[in-house]
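**Student:** Here you go, one structure.
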Amino acid sequence: MILESQRRPADASFRQIIEAGDYFMRILDEGEVFRILDLEGNQAVDTLFYSAENPAERYSTVDTIREQGNVYLTAGTSLLSTEGNVMLEIIADTCGRHDTLGGACAAESNTVRYALDKKTMHSCRDSWLLALAEHERFDMSKRDITHNINFFMNVPVTPAGGLTFEDGISDAGKYVELIARMKTIVLISNCPQLNNPCNAYNPTPIEVFVWRDAS
Amino acid sequence: MDNEIIYSDTIPGGRHWSMLMRAGNVLRLIDEEGGANVGMLLYNSENTLERYNMPDTLKGQHTFRLTKGNCLYSDMGRVLCSIIEDTAGWHDTATGTCNSNLVEKRWGHRSYQEARNDYIRNGRDSFLIELGKYGLGKRDLAANINFFSRIETDLDGNLIFGKPASAAAHVDLRFEMNTIVIFHTCPHPLNPASTYPSRPVTYEIRRANPVTINDACRTLREENERAFTNTLLYRAGGDT
């Protein structure tokens, strides 16, 4: 569902460009609004969320899909935690559909999907592992890397049970906006995948914004 | 797969169990009465940080459903087990498991104090209990498989609870790595039944036939061939 936001970037309390292949990790307070902007179009933004109070509680792909009765994420979706709590809600979306079935790239899964000699290429999981290693205070590790959201990716499921990877439906300037319903750690890998036609083999930067006041 | 049965047991509906399945053995699950559900999680027994990965399994094989020919991938680009036989045709892995809130809302509460061992269990607690036996816990929960449950989608991505498996439907999992198998027989979380569905599941363990070069799972897709290559490389270091 396409739903625009009235928030102005000039009012944001925080904004940052995340280059292709970099990670971003930050705590969102309850009530803060978080926007991810696809600057150049069809960039995959691999995103995980954790409760800042108890990171063992984290975004759950399967609970979110099941409780909304639909495999795609868009405006109106409540992102549920593994404990069944609402972590964030998608309150604006100019892309219209986001994937949460396709997971993230890793060195090992790249060998399976593309070729055995791809194993030393940069990947989302590498970015996440480095992020967790550099943020020791959260005491997280590979154990905590769970199933993620791919903002701006289009991975349609067919009625016959197929999974297809279609060209993106995002474009330069499209964004998705979420409001945090609990104090949340957001962990993004701005995907460095060079083997996938979904991003025209060209990973690009994104920009994130935080508004302190939800009103 | 008609090799001699090494071990067989029947688990009542709404219960849980776990075990080590060694590479080279086949686990058959049988839906005795039809309409059963087997929630399952898989971990490499030598390094439980390596576990069944739903997204990698689905995107590697361009599928939303699991059936004969599919391999269940770990997050490390290897095959934990292969589905070498399946008379049900569609197994779900995208909609998770039932928890205590869901079960109570849908089917009510029946406590141990009232019902003794027929109390109503849920999938999530069942997983946590079995995971605890291996030093694993909440942080290790992942998207599970729901054997015998068919979840379809319409063109808009809405979920549809499909026709349940028939009585005596079975699925054969050939293990390619030594794997901790965590499972329960609690109902699928989208099962619309008005009373708590409780269906027994029989499991049988047999030796597998050797995996040949033209094995149907291995050759289903190039991705599976590469995942098998990764698995064989891992196993080359030992007798697993």
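The values are calculated or read from the model by the stated rules, or taken from the named source; none is laboratory data. This structure is a prediction, so every number in the text was calculated from the model and none was measured. Note: ideal-geometry Cβ built from the backbone for every residue, glycine included; neighbour counts use all protein chains shown.
**Student:** Being charged (D, E, K, R) and either in contact with an Asp or Glu (Cβ under 8 Å, 6 or more places away or on another chain) or under 16 Å from B:Asp75 (Cβ atoms) (or both) is the filter; apply it to segment A:87-117 and report the residue that is nearest to the other protein chains (Cβ to nearest Cβ).
**Tutor:** The residue in question is A:Glu108.
**Student:** Regarding B:Gly69, is this residue of a type in the set (Gly, Ala, Ser), in contact with a strand residue (DSSP E or B) (Cβ under 7 Å, 6 or more places away or on another chain) and in a loop (DSSP other than H, G, I, E, B)?
**Tutor:** Yes: the conditions hold for B:Gly69.
**Student:** Being closer than 24 Å to B:Ala167 by Cα, touching a residue at least 40 places away in the same chain (Cβ under 8 Å), part of a loop (DSSP other than H, G, I, E, B) and of a type in the set (S, T, N, Q) is true for just one of B:Thr48, B:Thr97. Which residue is that?
**Tutor:** Result: B:Thr97 is the single residue among B:Thr48, B:Thr97 that is closer than 24 Å to B:Ala167 by Cα, touching a residue at least 40 places away in the same chain (Cβ under 8 Å), part of a loop (DSSP other than H, G, I, E, B) and of a type in the set (S, T, N, Q).
**Student:** Considering only residues that are out of contact with any helix residue (DSSP H, G or I) (no Cβ under 7 Å at 6 or more places or on another chain), more than 7 Å from chain B (Cβ to nearest Cβ), assigned to a loop (DSSP other than H, G, I, E, B) and at pLDDT 95 or above, which ones fall in segment A:142-154?
**Tutor:** Selection gives A:Asn148, A:Phe152.
**Student:** Sort through A:Ala160, A:Ala133, A:Ala172 and tell me the only one that's within 9 Å of chain B (Cβ to nearest Cβ), modelled with pLDDT of 95 or more and either surrounded by fewer than 19 Cβ atoms within 10 Å (Cβ to Cβ) or in contact with a helix residue (DSSP H, G or I) (Cβ under 9 Å, 6 or more places away or on another chain) (or both).
**Tutor:** From the options A:Ala160, A:Ala133, A:Ala172, the qualifying one is A:Ala160.
**Student:** On the given criteria, is B:Leu58 buried (at least 16 other Cβ atoms within 10 Å of the Cβ) and part of a strand (DSSP E or B)?
**Tutor:** no
**Student:** Also: Please determine, by comparing only the residues of segment B:45-81 that are in contact with a helix residue (DSSP H, G or I) (Cβ under 8 Å, 6 or more places away or on another chain) and more than 10 Å from chain A (Cβ to nearest Cβ), which one is nearest to A:Ala104 (Cα to Cα).
**Tutor:** Looking at the filtered set, the residue picked out is B:Leu72.
**Student:** Shifting gears a bit: Taking A:Val210, is it closer than 26 Å to A:Arg7 by Cβ and buried (at least 21 other Cβ atoms within 10 Å of the Cβ)?
**Tutor:** It is false that A:Val210 is closer than 26 Å to A:Arg7 by Cβ and buried (at least 21 other Cβ atoms within 10 Å of the Cβ).
**Student:** Could you tell me whether B:Gly89 is on the phi > 0 side of the Ramachandran plot, facing another protein chain (nearest Cβ under 10 Å), surrounded by fewer than 21 Cβ atoms within 10 Å (Cβ to Cβ) and outside any strand (DSSP E or B)?
**Tutor:** It is true that B:Gly89 is on the phi > 0 side of the Ramachandran plot, facing another protein chain (nearest Cβ under 10 Å), surrounded by fewer than 21 Cβ atoms within 10 Å (Cβ to Cβ) and outside any strand (DSSP E or B).
**Student:** What are the pairs with Cβ atoms under 9 angstrom where one residue, in segment B:121-140, is within 11 Å of chain A (Cβ to nearest Cβ) and the other, located anywhere, is in a helix (DSSP H, G or I) and polar (S, T, N, Q)? Sequence gap at least six, or different chains.
**Tutor:** Pairs that qualify, where the first residue is within 11 Å of chain A (Cβ to nearest Cβ) and the partner is in a helix (DSSP H, G or I) and polar (S, T, N, Q), are B:Arg124/B:Ser100.
**Student:** Considering B:Ala143, B:Ala216, which residue is under 29 Å from B:Ile6 (Cβ atoms) and modelled with pLDDT of 95 or more?
**Tutor:** Being under 29 Å from B:Ile6 (Cβ atoms) and modelled with pLDDT of 95 or more holds for just one of B:Ala143, B:Ala216, which is B:Ala216.
**Student:** When you check B:Pro192 against the structure, is it touching a strand residue (DSSP E or B) at 6+ places or on another chain (Cβ under 9 Å) and modelled with pLDDT under 95, yes or no?
**Tutor:** Here the answer is no, as B:Pro192 does not meet what is asked.
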